[in-house]
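Please treat every number below as a calculation from the coordinates, not as lab data. Values in this document were obtained by computation on a predicted structure and should not be read as measured data. Counting neighbours? That spans all protein chains shown, and the Cβs are built from the backbone with ideal geometry, glycine included.
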Amino acid sequence: MSCFERRSTVLAIAVALAVGTTAPAAPAKPSATAANIAAHDSLGARCRCWLRMKMVHEVDMSHYGLVLDEQWERADATKPVVIVIHGYNSCPEKNQAMLSAVRNAGFPCGAFAYPNDYTISASAQLVSSELRRFAHAHPERRVVLVCHSMGGLVARACVEDTLYDPLNVDRLILIAPPNCGTAIAHFAVGTDLWEHWLSRRDGSPWQRVHDSVVDGLGEAAADLCPGSAFLEELNSRPRNPRIRYSVILGTGARLSEAEMNWLRESVIRKLAKVPGAEGGAERLDAMLSDMDELVEGKGDGVVAVARGRLNGVSDTLVLPFGHLSVTGEPATDVVRKVQAAVLERIN
């Protein structure tokens with residue numbers, strides 16, 4: 001790729017990130033029409049589409065998909081194959097502790113990886129393709145999906161759509177799923193910067209830019225915003241009648257109600273002093289007033305209990321865990337309880 005092409009690609013990335021990486025905010029003035037917002041979204045979508053056409057190739061997508069344990073077929077053939085699906089801005093490696101607990105209980109295991117910042121619908125199609133391939137090769141084997149966070153939406157978008165349902169999933173265990181979205185997604189623009197630039201130590205700058213595009217440019221964050229078109233469509237579907245559902249939600253957020261109110265008032269008070277920021281302050285105040293995700297007893301730091309519940313699912317367990325640690329090492333009683341709850345439901 002020439003220097004000019006690289007510069008134009010970086011410019012397109014900047015536009016894609018600036019225009020439409022999250023759900024559009026409410027119009028600042030009454031004169032801002034739906035057509036303006038649609039054009040805003042369309043520009044960002046076109047830039048992201050152009051980037052993927054230019055930069056994402058088949059070899060890039062080969063890194064994603066279903067990977068089963070090498071000796072999974074040696075396990076008891078009467079036991080289901082348990083597949084763990086990671087969440088937003090994550091990867092299978094971050095769920096190894098959960099996989100190990102299931103594996104040590106004698107279940108054949110696997111993990112599904114997908115571009116964690118791309119559209120959830122595209123990832124659902126990918127898991128559908130992988131599970132159908134598995135069903136074709138092993139028609140007698142049943143599957144249990146254990147999903148963390150956004151991975152639960154990927155799984156639901158697959159099994160709750162008759163077009164994509166692979167028909168071999170019997171059990172769906174959702175850990176901290178943002179079934180009705182998360183208000184944190186409105187502020188997710190920096191997560192890709194963290195994943196590919198601040199927390200990463202390998203790869204040239206151009207490789208990191210390339211990997212950012214392959215992984216997605218904020219499309220998943222837009223899907224995760226409460227009220228998004230994706231969530232409205234997903235939650236309008238009925239539950240899959242062949243599948244037993246379980247939802248495990250956390251209340252281990254770190255802020256008290258009083259601290260959240262103080263934070264909200266402080267931020268709004270500071271922002272109100274900035275010339276021309278009145279409209280932004282009002283929108284931010286509306287967001288912060290509805291952010292139970294961060295309040296102890298109401299959320300796990302990322303997903304609010306109220307937004308995690310799923311209509312039609314009676315098996316809902318609420319425990320005081322934090323969102324990012326729940327699938328990690330069982331160093332605390334609450335994480336051990338989550339692992340025990342998952343194993344109980346798999347059995």
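Plugging the Kirkwood radius over Cα pairs into Stokes-Einstein for segment 112-170, at a temperature of 10 °C and a viscosity of 1.306 mPa s, what D comes out in µm²/s? Mind showing how you got there, number by number?
Numbers: Rh = 11.5 Å.
Taking Rh from Cα pairs, D becomes 139 µm²/s.
Which of the trypsin sites (Lys or Arg not before Pro) across segment 235-266 are loop residues per DSSP, with 13 or fewer other Cβ within 10 Å? Numbers along the way, then the final one.
On the way: sites: Arg239, Arg242, Arg244, Arg254, Arg264; in loops: Arg239, Arg242, Arg254.
Here the trypsin sites (Lys or Arg not before Pro) that fit, given the DSSP loop and packing criteria, are Arg242, Arg254.
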Taking Lys and Arg as +1 and Asp and Glu as -1, residues besides Pro226 with C-beta under 13 Å from its C-beta add up to -4
Give the peptides 92-99, 219-226 in descending order of average Cβ contacts within 10 Å, highest first.
219-226, 92-99
Rg (one decimal) and Dmax (whole number) from the Cα set of segment 265-328, in Å, equal 16.1, 50
So if the hydrodynamic radius of segment 52-190 is defined as the Kirkwood radius over C-alpha pairs, what does Stokes-Einstein give as its diffusion coefficient at 4 °C and 1.567 mPa s, in µm² per second?
84 µm²/s
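What pairs from Lys79/Lys298; Lys270/Lys298; Lys94/Lys270 go past 30 Å between their alpha carbons?
Working: Lys79/Lys298 36 Å; Lys270/Lys298 26 Å; Lys94/Lys270 37 Å.
Among Lys79/Lys298; Lys270/Lys298; Lys94/Lys270, the Cα-Cα distance tops 30 Å for Lys79/Lys298; Lys94/Lys270.
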Per-residue ³J(HN,Hα) for segment 57-69, Karplus 6.51 cos²θ - 1.76 cosθ + 1.60, θ = phi - 60°, Hz, x for Gly and Pro
10, 4, 5, 5, 6, 5, 6, 9, x, 8, 10, 9, 4
So what are the ³J(HN,Hα) numbers for segment 161-173, from phi and the Karplus equation (6.51, -1.76, 1.60; θ = phi - 60°), rounded to whole Hz, Gly and Pro as x?
10, 4, 6, 10, 4, x, 6, 10, 9, 9, 9, 10, 10
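Relative contact order for segment 265-347 using alpha-carbon pairs under 8 Å, separation at least 6, rounded to a whole percent? Each step should come with its number before you reach the end.
Details: 52 pairs, mean separation 11.6, N = 83.
After rounding, I find 14 percent.
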Tell me which residues come under 5 Å, amide H to amide H, from Ile248 once H is placed; ignore anything under 5 positions away on its chain.
Leu174, Ile175, Ala176, Leu317
If N is the residue count of segment 218-347, its Cα Rg over 2.2 N^0.38 Å rounds to 1.28
Candidate cut points under GluC sites (Glu not before Pro) in segment 121-187, DSSP loop plus at most 15 other Cβ atoms within 10 Å of their own Cβ, are Glu140
